[in-house]
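The values are calculated or read from the model by the stated rules, or taken from the named source; none is laboratory data. Worth saying up front: this structure is predicted, and the values here are computed from it rather than measured. Cβ atoms come from the backbone with ideal geometry, glycine included; neighbour counts cover every protein chain shown. These accessible areas exclude ligands, DNA and RNA; they are computed on the full protein's heavy atoms, side chains included. Shrake-Rupley method; radii C 1.70, N 1.55, O 1.52, S 1.80 Å.
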Amino acid sequence: QHFDRIAQAPGGVARLRELILTLAVQGKLVPQDPADEPASVLLERIRAEKARLVKEGKIRKEKTLAVITDEEKPFALPVGWEWVRLGDIFILEYGASLPEKNRVSGPFPVYGSNGIVGTNNQPLISEPSLVIGRKGSVGAVNIAEKPFWPIDTSYFVTPPAGVTLRYAYHLFSSLKLGKHDKATAIPGINRSDVYREIVALPPSLEQSRIVARVEELMALCD
């Protein structure tokens, strides 16, 4: 309602971007649709798929995350949404070392902790994913929509089925993961700390509506 007025204040555009993401991940940017499949159903599918991958030895079983208490819930949950810890739905995988001298120029971007740092003739990851800064630019979030190579200063996150890549991008961006930096000489974050983050999971269809609205408002900010 007061978009233009806020934008003209000192630092207003930056604050607007932050406000847009906050409203988006709290379910306050677009109305809920009772016809959407609830996030509880999506969450059960995600958990079942993770259990299958653990059983097949494709991923490591992580420590059980603490139950979310009422005191920890930061806002009223929208209809159809579910409270989760980030580690309930996302897996942060380590990137792999690829020194510049070993890269062969090619069509696949090489991502460091804060974006593209070169190219290579083969990718490490084929699925569209997020790249999260682990060392250096800690908590920086980049989106890789085509096959790529994340180096070992980063984590990569491939969203599970039912969580759209662009919604995951906005969700991770809203969390300001740099706050978990515990390093002294070189900034760094531990994924165990990230996994404990509490977030609200929206239905899949609402995720798409949220992304469309976020990107419309971010274009106005631009």
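I want to confirm something. Restricting to the range 60-95 and keeping residues that are charged (D, E, K, R) and farther than 20 Å from R45 by Cα, which single residue is most open to solvent (accessible area, probe 1.4 Å)?
That would be E71.
Looking only at the range 107-121, which residues are within 20 Å of D193 (Cα to Cα) and crowded, with 23+ Cβ neighbours inside 10 Å?
S113
Could you say whether any residue in the range 52-73 is closer than 21 Å to I210 by Cβ and in contact with a helix residue (DSSP H, G or I) (Cβ under 9 Å, 6 or more places away or on another chain)?
no
On the given criteria, is L23 open to solvent by less than 30 Å² (accessible area, probe 1.4 Å), among the hydrophobic types (A, V, I, L, M, F, W, C) and under 14 Å from L201 (Cα atoms)?
So L23 fails the test.
Looking at the range 122-142, which of its residues are surrounded by fewer than 16 Cβ atoms within 10 Å (Cβ to Cβ) and β-branched (V, I, T)? Please lay out each step first, then the result.
We begin by selecting, within the range 122-142, every residue surrounded by fewer than 16 Cβ atoms within 10 Å (Cβ to Cβ); these are 122, 126-127, 136.
Hits for the range 122-142: nothing passes.
Restricting attention to the range 170-179, does a residue exist that is more than 27 Å from G136 (Cβ to Cβ) and of a type outside the set (A, V, I, L, M)?
no
Determine whether V79 is in a helix (DSSP H, G or I), out of contact with any strand residue (DSSP E or B) (no Cβ under 9 Å at 6 or more places or on another chain) and β-branched (V, I, T). Give the steps one after another, and end with the answer.
Working: in a helix (DSSP H, G or I): no; out of contact with any strand residue (DSSP E or B) (no Cβ under 9 Å at 6 or more places or on another chain): yes; β-branched (V, I, T): yes.
So V79 does not fit the description; no.
Among the numbered conditions (1) open to solvent by 20 Å² or more (accessible area, probe 1.4 Å); (2) without any contact (Cβ under 8 Å) to a residue 24 or more places away in the chain, tell me where R196 comes up short.
So R196 meets the others, but not (2).
Here's a check for you: in the range 33-50, which residue that is small (G, A, S) and loosely packed, with under 12 Cβ neighbours inside 10 Å is nearest to I91 (Cα to Cα)?
A48
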